[in-house]
Amino acid sequence: MEVHDYLNKIFTTSGKTYALNKGLYNVNEVYVTGWKPGGSWSDTDYPSVSEGQFKMRNSTDNYVFVAHLYDSLFPAFADDFGKTVNGWFDFIESWDFSYGGTTDLKTLFNINFHSKTFEWNPSSYKINDLFYDYLAPAGGAALGKSGDWQERTGTDSNNHGFDLLFATLGGLNEDGTSNIGITVGHSNMGIAMGGYWICIGGFPVWPVMNLNIDHTTIHEVLHTYKAEDLSSSGYIMTGSGSWDNVMHSDTYDVVNHYQDRYYGDGNFDF
């Protein structure tokens, strides 16, 4: 079965939000309704597993389904780039990421971010606490799950079909460090923040704004693709020279249902 654009790839029912990702689905009830002379008609069928089982393929293979959390301060940051919160990941996927060429992320990875936004206003903004203690519960709650977002599950079924949980927060990191983005161990979740506070004696005294939150977002997203930090400055992953220096040479095994691969020898497997 192919899912075409006229079908809702992300939908909410009974307080739960799902992404219609690729995979094997069992349909246990089919309800059909329509009109006929004299009024409406409807019928319900309950197919057996063999009759009602289908695979989702092809048309969603290059979709990366993102549960996008944002706080009330973030829309002002998005507006600085002429974007809205809802269009943020569409903007990110087309970000020019090249060395003398015109390759963008969408071309490089053959991806199409398909995101659903949820507002999340944490009570404090210490970046490590946000990532380790609060992001997964907030993601699970946003999707209407009975538990937390499942980190590095290897499958998308435990996260209602979503591949990536990402928070863009206009709030400033309050932990006394200059950290403005985080993901750990090529996780399937991450955070980009609007800046950080310079702290004295444990108290925030001076704000430093992140004027490149687009860079921070894509930097952390690329970590989920196993791109590594490097030593040089001036580029998204702080690398220079060849693609092999930007992307780790074994960047072919990526989290969840990311389907497309990058090989360090410069070949793309689409």
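Here, each number is a calculation from the coordinates, and none is a lab measurement. Here the structure is a predicted model, which means the values were calculated and not measured. When we count neighbours, we look across all protein chains shown, and the Cβ atoms used for this are built from the backbone with ideal geometry, even at glycine.
List of remarks:
- Neighbours of residue 69, meaning other residues whose beta-carbon lies under 12 angstrom from its beta-carbon, give a summed charge of -1 when Lys and Arg score +1 and Asp and Glu score -1.
- In a fully extended conformation the segment linking residue 33 and residue 211 would gain 58.9 nm over its present Cα-Cα distance, using 0.36 nm per residue.
- Under 5 Å between amide hydrogens, built in the peptide plane, is the criterion, and for residue 125 it picks out 174 among residues at least 5 positions away or on other chains.
- For the peptides 202-209, 68-75, 114-121, 12-19, the ranking by mean Cβ contacts within 10 Å, running from highest to lowest, is 68-75, 114-121, 12-19, 202-209.
- Pairs spanning more than 19 Å between alpha-carbon atoms, out of 16/116; 83/145; 9/83: 83/145; 9/83.
- Residue-wise HN-Hα coupling along segment 142-149, computed from phi with Karplus coefficients 6.51, -1.76, 1.60 (Hz; x: Gly, Pro): 4, 7, x, 6, 7, x, 6, 4
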